[in-house]
Amino acid sequence: MNKPASVSDQFDAVVVGAGFSGLYMLYRLRQLGLSVKGFDSAGDVGGTWYWNRYPGARCDIATPDYTFSFDPELENEWTWSEKYATQPEILDYLRFVADRYGLRSDIQFSTTVTSARWDEQEKRWTITTGHGQEIRCRYYIMATGCLSMPKSPDIEGAGRFAGQVYFTSRWPHEGVDFTGQRVAVIGTGSSGIQVIPLIARQASQLTVFQRTPNFSIPAHNGPAPADRLRQLDEDRDGYRHDARWSRIGVPNEPTDVLGVTASEAVRRERFEAAWEQGELAGIVNVFADQLFNPASNDILAEMIREKIRSIVTDPETAETLCPKDHYFGTKRPCLDTGYFDTYNLPHVRLVDLRKQPIVSITEDGIETADESFGFDAIVYATGFDAMTGALVAADVTGRDGLSLKEKWAAGPSTYLGLMTAGFPNFFMLTGPGSPSVLSNMAVSIEQHVDWVAGCLKDMREEGLDTIEPTELAESGWNQHVQDCGAITLMPTANSWYMGANVPGKPRVFLPYIGGVDAYRQACDDVVGQGYLGFRMTGPGADRCRDGVIRSMQPDVAMVLEFLAAMGLPPMDTLPADDARALMAATAAARPPGPEVGEVTDGVIPGPAGDLPYRLYRPAGPPEGPRPLVVYFHGGGWVLGNLDSDDPLCRDLCERSGAVVVSVNYRHAPEARFPAAALDAFAAVQWAAANALELGGIPGQLAVAGWSAGANIATVACQLARDAEGPHISGQVLICPVVDSDMTRLSYQENGDGYILTTALMRWFWDHYTDPADRGEPRAAPLRGDLHGLPSTCIVAADFDPLRDEGVAYAHALEAAGVPVRLARARGHTHTSVTMVGTVISGAPVRAEIAEALRNFFPSAEPLEHALQRS
Ligand code: NAP
């Protein structure tokens, strides 16, 4: 029974929402012996399944997976009737769960929480309800769902229609009979795609107003998949474990087939299998690169479009239904039952709002730019203010009077999607910054609830009573969430994942796309590291271990994992030739880098014989000479050749618009110090003298290099300065070796596990120089005179042992009056910035390098001026 209004009450915890997450949270809090009060504005349990009662509403994760797994007895007592259960069946299930654990007695229904305010003195939240009640609690938990706040209709005249108006998200409990009616449906997302075929069965006329066509595959509903049930029967724990440690919360082996390189037969076979399977887990796993590589995504998208064309008989309607303005998976893909076939029915019409936008809703229908339509009923399937809408709808005010709405004005900011700084003891279940909507919600909800329950238990045991993330941990996590999104195609779409469906909402990628498994690991690691990034206080003692749980770029971490799994021998344990062969073998397996206009090989006369070079000329105009960049590859003076940095040279050439001349040089141990440096200087002299022949503009020459190549590049600059020529406009030093001192902090932090190790660096130095030479500026240019050197761009990568010497070089150059640009390769290793085509997150750094190169050269300087100047 509901409590009377205006009572004041005290609870350990308040949970808002009585759907999947709220119910399980209540259960866990009770298990901990905490006093709990639940609220829901609905009249009963069910959450999303209470409200979304439109015909055709079903889950789109198969029922063996879309279910609680915390209690094996509960699993034994419930049997789903279908692969994708209908809304009434899921609601029954949640009622069954509420009854089985007696949860209803703690929940006050038909009650909206209107505000929550943190009292810093009392260390309590004060919760106010729409009935005027005030509740005090220590922990305030929002289990309000990600898609629970309907988007208000943003269409002109929406209130004017005199007929019946329905929202899929607030469907009448008694149902609706559309028999004989002229019905409009606005919206073709998951809700629209589910409801349209069923309304078409009743309505005399159905007109669908489509703004954006959506990708949908047939659900192939029927009995729950037999193979899944068998696996569960045989090893339920193993199955659930695999789900928890999978990418999307459904056991599924991630493919390593790349769409761009697979044969047509393999592509077709994988796609048809996913189409037949009718599961999201299958269609998002056709190609490993489908969400990263536009070309791969196009292949998959076109196969889906072919299916649509084969189903819909009217070619124009078929074409209108084919999504072409977003990549597959960047808006939530749908599962349907007869959706596309519905458009073959004579009384169903599709209106393309891109061609004839809605001008206004009128009293009796809808007016578009071209036509007036009369209707008896309009159904809005226009979606939700997703992920943040419900959280900011209640007035949540944290420390110092800051409201959540204010704090999130530019987009949500959370730690792990669970908490937000300034709001102690305030937990969000499946909040923004967690996998939530990109995963099987049942699995993600259980993980979140378990984490919160575990946290409260730990706090109690340690005598702590408040918890709150630090600003550092939170901003680190937000960055990681955005980094994970940025390497995918997701940010390219106007989706609700990006907040783009709600006018005025900040455009930020809202969920965490790193995977359920990676996310679970991060949450576990936070706890394992003593609640890293949380400030906890209490009579027991205050404590805070501040830090960032994930700061490496996600694709860099993937590459490291991949390499670790290959179990290659450490290079520093090999003879030089074997190390060279290993490097060549790994280089052969990588993507080739971008196309350039022209690639030619040649030789340069060096001090001790010819030096091979490879010249890259950008494609397209302008014809004629361009600035020239002489580039030296990395490899610790021991490894590498013209092939080893080929993709990087292509990338630099295309991005900068310069002619890049990559020069090979003598290697150690065959030719030790200072052979490589002398070759580099000779190459720069020769390139300057032969600029025109190389297609360069005389006098517009820069040098560049990576790692040891950057070492000899900058040594060449020092030698050119001392020799008073040639003129060098600038130097780009990517993760350079500039000193032989291996005691800097970056060696301690990054000397193991990130490909370039301390041991390998020592191996390089030993091959190249005698210890006595290592202080010489031609080996350790940081120790030389830095006055009069050209403008410099230095790239320093976070996880590089050489990071701090690069930074020290930048500071020393600056102190010597040299213009310096220090590009921080955030979250990168010594090698990752150069991994063109593999490490997508390196692209912005390479763009910065290219910009620095362009800035070295006076723009559009007429050739005759350049010739005069040189
Ligand atoms: P949605 O995916 O956001 O779709 C809303 C539709 O309405 C879109 O087609 C949108 O067009 C259109 N729309 C919005 N405002 C409009 C306007 N002013 N004029 C014309 N068209 C407008 O919303 P949803 O279908 O309710 O689904 C939301 C999410 O809920 C799904 O992505 C899914 O995660 C979940 N869901 C799941 C199931 C399930 O199968 N289990 C069922 C329903 C929902 P634009 O695309 O151009 O914005």
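The strands (runs of 3 or more DSSP E) located wholly in the range 562-655 that include 1 or more residues which are under 21 Å from Val684 (Cα atoms) and free of Cβ contacts under 8 Å to residues at least 40 places away in the same chain occupy 598-606, 609-617. Within the range 25-40, identify whether any single residue is modelled with pLDDT of 95 or more and touching a Cys at 6+ places or on another chain (Cβ under 8 Å), and answer yes or no. For the range 25-40, residues modelled with pLDDT of 95 or more and touching a Cys at 6+ places or on another chain (Cβ under 8 Å): present. Can you list residue pairs whose Cβ atoms sit under 9 Å apart, with the first residue in the range 322-343 being on the phi > 0 side of the Ramachandran plot and the second being more than 12 Å from the ligand (Cβ to nearest atom) and in a loop (DSSP other than H, G, I, E, B)? Count only pairs 6 or more apart in sequence or on different chains. Filtered contacts from the range 322-343: Gly329/Val284; Gly329/Gln290; Gly329/Leu291; Gly329/Thr488; Gly329/Leu489.
If the condition is being within 21 Å of the chain's Cα centre (by Cα), in a strand (DSSP E or B) and not β-branched (Val, Ile, Thr), then the range 813-834 contributes Arg824, Ala825, Arg826, Gly827, His828. The lone criterion from (1) at pLDDT below 95; (2) among the small types (Gly, Ala, Ser); (3) on the phi < 0 side of the Ramachandran plot left unmet by Gly528 is number (1).
Identify all residues within the range 374-428 that are within 16 Å of the ligand (Cβ to nearest atom) and on the phi < 0 side of the Ramachandran plot; write none if there are none. Listed by number, the residues that qualify are Phe375, Ile378, Val379, Tyr380, Ala381, Thr382, Phe384, Asp385, Ala386, Thr388, Gly389, Ala390.
Yes or no, residue by residue, for (1) among the hydroxyl-bearing types (Ser, Thr, Tyr); (2) touching a Ser or Thr at 6+ places or on another chain (Cβ under 8 Å); (3) assigned to a loop (DSSP other than H, G, I, E, B):
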position: Glu446; (1), (2), (3): no, yes, no
position: Asp450; (1), (2), (3): no, no, no
position: Ala453; (1), (2), (3): no, no, no
position: Leu456; (1), (2), (3): no, no, no
position: Arg460; (1), (2), (3): no, no, no
position: Gly463; (1), (2), (3): no, no, yes
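Kindly evaluate Asn478 against the criterion of being touching a residue at least 40 places away in the same chain (Cβ under 8 Å) and in a loop (DSSP other than H, G, I, E, B).
no
Of everything in the range 341-355 that is within 38 Å of the chain's Cα centre (by Cα) and either within 15 Å of the ligand (Cβ to nearest atom) or in a loop (DSSP other than H, G, I, E, B) (or both), the residue that is surrounded by the most Cβ atoms within 10 Å (Cβ to Cβ) is Tyr343.
For the range 282-308, the set of residues classified as touching a residue at least 60 places away in the same chain (Cβ under 8 Å) and under 28 Å from Asp483 (Cα atoms) consists of Ile283, Leu291, Phe292, Pro294, Asn297, Ala301, listed by residue number. Entry remark, the range 547-580: residues being among the acidic types (Asp, Glu) and crowded, with 19+ Cβ neighbours inside 10 Å number 1 in total.
Taking the criterion of being over 22 Å from the mean Cα position of the chain (by Cα), outside any helix (DSSP H, G or I) and surrounded by fewer than 20 Cβ atoms within 10 Å (Cβ to Cβ), the residues of the range 226-280 that qualify are Asp235, Thr261, Ser263. For the range 12-62, residues that are of a type in the set (Ser, Thr, Tyr), away from the ligand (no atom under 16 Å from the Cβ) and not in a loop (DSSP other than H, G, I, E, B) total 2.
Restricting to the range 312-340, name every residue that is hydroxyl-bearing (Ser, Thr, Tyr) and either within 12 Å of the ligand (Cβ to nearest atom) or closer than 16 Å to Gly189 by Cα (or both). Lay out the reasoning, then the answer.
Pass one, the range 312-340, residues hydroxyl-bearing (Ser, Thr, Tyr): 313, 317, 320, 327, 330, 337, 339.
Correct list: Thr320, Tyr327, Thr330, Thr337, Tyr339.
Taking (1) under 43 Å from the mean Cα position of the chain (by Cα); (2) in a loop (DSSP other than H, G, I, E, B) in turn, Thr792 satisfies each apart from (2). If you check Asn297, Asn252 for being at pLDDT 95 or above and more than 30 Å from Pro153 (Cα to Cα), only one passes: Asn297. Would you check if there is a residue in the range 421-428 being more than 25 Å from the chain's Cα centre (by Cα), in a loop (DSSP other than H, G, I, E, B) and free of Cβ contacts under 8 Å to residues at least 60 places away in the same chain? Yes; the residues of the range 421-428 include at least one that is more than 25 Å from the chain's Cα centre (by Cα), in a loop (DSSP other than H, G, I, E, B) and free of Cβ contacts under 8 Å to residues at least 60 places away in the same chain.
Among the numbered conditions (1) under 21 Å from Gly383 (Cβ atoms); (2) within 16 Å of the ligand (Cβ to nearest atom), the only one that Gly278 does not meet is (1). With a requirement of 2 or more residues that are within 11 Å of the ligand (Cβ to nearest atom), the strands (runs of 3 or more DSSP E) lying completely within the range 116-216 that satisfy it span 182-186, 205-210.
Take the residues in the range 835-849 that are of a type in the set (A, V, I, L, M, F, W, C) and either without any contact (Cβ under 8 Å) to a residue 60 or more places away in the chain or not in a loop (DSSP other than H, G, I, E, B) (or both), then tell me which one is nearest to Ile487 (Cα to Cα). Even if it seems obvious, please write down each step before you answer.
Of all residues in the range 835-849, those of a type in the set (A, V, I, L, M, F, W, C) come to 835-836, 839-840, 843, 845, 847, 849.
Now restrict to residues that are either without any contact (Cβ under 8 Å) to a residue 60 or more places away in the chain or not in a loop (DSSP other than H, G, I, E, B) (or both): 840, 843, 845, 847, 849.
Values: Ile840: 6, Ala843: 10, Val845: 13, Ala847: 15, Ile849: 19 Å.
Across the range 835-849, the extreme among qualifying residues is Ile840.
Looking at this structure, is Ser6 more than 18 Å from Cys146 (Cβ to Cβ), in a loop (DSSP other than H, G, I, E, B) and modelled with pLDDT under 95? It is true that Ser6 is more than 18 Å from Cys146 (Cβ to Cβ), in a loop (DSSP other than H, G, I, E, B) and modelled with pLDDT under 95.
Does at least one position in the range 55-73 carry a residue that is among the acidic types (Asp, Glu), free of Cβ contacts under 8 Å to residues at least 24 places away in the same chain and farther than 14 Å from Leu103 by Cβ? Checked the range 55-73: at least one residue is among the acidic types (Asp, Glu), free of Cβ contacts under 8 Å to residues at least 24 places away in the same chain and farther than 14 Å from Leu103 by Cβ. For the range 180-210, a tally of residues being surrounded by fewer than 18 Cβ atoms within 10 Å (Cβ to Cβ) and either in contact (Cβ under 8 Å) with a residue 60 or more places away in the chain or over 15 Å from Phe375 (Cβ atoms) (or both) returns 3. Of all residues assigned to the range 83-90, none qualifies as being over 18 Å from Glu446 (Cα atoms), modelled with pLDDT of 95 or more and away from the ligand (no atom under 16 Å from the Cβ). Is it the case that some residue within the range 446-456 is within 16 Å of the ligand (Cβ to nearest atom), touching a residue at least 40 places away in the same chain (Cβ under 8 Å) and closer than 29 Å to Gly33 by Cβ? Within the range 446-456 (the criterion being within 16 Å of the ligand (Cβ to nearest atom), touching a residue at least 40 places away in the same chain (Cβ under 8 Å) and closer than 29 Å to Gly33 by Cβ), the answer is no, since none of the residues qualifies. Selection of the range 356-368 for residues being away from the ligand (no atom under 13 Å from the Cβ) and assigned to a loop (DSSP other than H, G, I, E, B) yields Thr362, Glu363, Asp364.
The values are calculated or read from the model by the stated rules, or taken from the named source; none is laboratory data. Computed from a predicted model, the values in this text were never measured in an experiment. Because the Cβ atoms are built from the backbone with ideal geometry, glycine has one as well, and the counts that use them run over all protein chains shown.
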